[in-house]
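Worksheet: one structure, shown below.
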2 protein chains.
Amino acid sequence: MSALADPTRRAIFERLVDGPKAVGQLAEGLPVSRPAVSQHLKVLREAGLVVDRAVGTRRVYQLNPAGLGALRAWLDRFWDQALAAFTAAAESEGKHEHD
Amino acid sequence: MSALADPTRRAIFERLVDGPKAVGQLAEGLPVSRPAVSQHLKVLREAGLVVDRAVGTRRVYQLNPAGLGALRAWLDRFWDQALAAFTAAAESEGKHEHD
DNA sequence: CACTTACGTAAGTTACGACTTACGGATGGC
DNA sequence: GCCATCCGTAAGTCGTAACTTACGTAAGTG
């Protein structure tokens, strides 16, 4: 969750939606240096949001659906309970009006 | 998205899942001061994740399903494309093996 | 109408994270 | 084997956000 907090990291993440890319490719369209991108990718990798593999001298990164799935599951857990709690609160409000 | 980056803010968020709570109630179980909680709630409110209303002298906060829904929609947009890109990459890998 | 309760905001400090430059290691080409 | 390419990591700087204490304000209580 906190892995997607930084705007630059989100930009990298969004760029990877189009498909796997090398570090240099990712850094090319961003306003930060290549080492900075490397550091961001490390965070994303440790968060399970991307996976990497070596291809010759370069390192290709791509999104990890499992990581996204975990995030979705986490969010859904809130979603259900939040809606229930919200509805309950709304009904409680209605009762007060009815008094 | 960045609103849920801070651990303390996530703790507040999770506590609100059980239902609406006042600022003092929220601060009670947290290792930070009450003003700190107020500041966090301001961030969450501006992010559209919670709504607040005055009840007597206290201010009750609760989750905003609309905000959660927006987050879910944002995430789902990635989910679909990420899965497609991942599948495509996997197939491309399979072809190489087949060579 | 004093007093208490509950909260938001201002000001200031501090810790953390994002970034840069510099360097070293691994792979490919000729 | 030698040079070029591509990348990760280390060290250091700097901005920002998270936290504290102090204060002011609005609403209940007797």
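Report, by chain and number, residues whose modeled amide H sits under 5 Å from the one on A:Val50, excluding near sequence neighbours (fewer than 5 apart, same chain).
Amide H to amide H, under 5 Å and 5 or more residues apart or across chains, A:Val50 pairs with A:Arg45, A:Asn64.
Rounded to whole angstrom, how close does the nearest chain A beta-carbon get to the axis mapping A onto B, and which residue is it?
A:Ala5, 2
What is the average number of partner chain Cβ atoms found within 10 Å of a Cβ in B:76-85?
6
Once the label point is set 7 Å along the Cα-to-beta-carbon vector, what list of distances in nm do you get between A:Gly69 and its counterparts in the other copies?
2.7
Which one, A:Leu41, A:Gly56, A:Leu83, is farthest towards the positive end of the dipole of chain A when Lys and Arg carry +1 and Asp and Glu -1 on their Cβ?
Result: A:Gly56, furthest along the dipole toward the positive end.
Can you tell me the dipole magnitude for chain B around its Cα centre, using point charges on the Cβ only (Lys, Arg +1; Asp, Glu -1), in Debye to the nearest 20?
980 debye
Checking the a/c ratio against 1.5 first, then a/b against b/c, what shape does the Cα gyration tensor give for chain B?
Taking the square roots of the gyration eigenvalues as a ≥ b ≥ c, chain B is prolate.
How much accessible area per residue does the range A:1-80 have, counting only protein heavy atoms and a probe of 1.4 Å, in square angstrom?
Using a 1.4 Å probe on heavy atoms only, each residue of the range A:1-80 averages 50 Å².
Quick one: compute the contact order of the range A:1-63, relative version, from alpha carbon pairs under 8 angstrom and 6+ residues apart, as a percent.
Over the range A:1-63, the number comes to 39 percent.
Please build a GNM for chain A, connecting alpha carbons under 10 Å apart, and tell me which residue among A:Leu63, A:Leu30, A:Leu16 fluctuates the most.
Most flexible of the set in this elastic network: A:Leu30.
Could you work out the mean count of beta carbons from other protein chains within 10 Å of each residue's beta carbon in A:58-65? Could you put the intermediate results ahead of the total?
Working: counts 0, 0, 1, 0, 5, 8, 2, 8.
Partner-chain Cβ atoms within 10 Å, mean over residues of A:58-65: 3.
So for the protein assembly as shown, if I pair up every lysine 8 or more residues apart or on another chain, how many of those pairs have alpha-carbons under 25 Å apart?
On the way: A:Lys21/A:Lys42; A:Lys21/B:Lys95; A:Lys95/B:Lys21; B:Lys21/B:Lys42.
Lysine pairs satisfying the spacing and distance rule in the protein assembly as shown number 4.
Could you pull the copy-to-copy label distances for A:Gln39, with points set 7 Å along Cα to Cβ, in nm to one decimal and sorted shortest first?
2.4
Quick one: compute a quarter of the convex hull surface over the Cα atoms of the protein assembly as shown and quote it in nm².
The orientation-averaged projected area of the Cα hull of the protein assembly as shown comes to 13.9 nm².
The values are calculated or read from the model by the stated rules, or taken from the named source; none is laboratory data. Keep in mind it's a predicted model, so treat the numbers as computed, not measured. Note that we place each Cβ from the backbone using ideal geometry, even for glycine, and neighbour counts take in every protein chain shown. Accessible surface areas use protein heavy atoms only, side chains included; no ligands, DNA or RNA. Shrake-Rupley method; radii C 1.70, N 1.55, O 1.52, S 1.80 Å.
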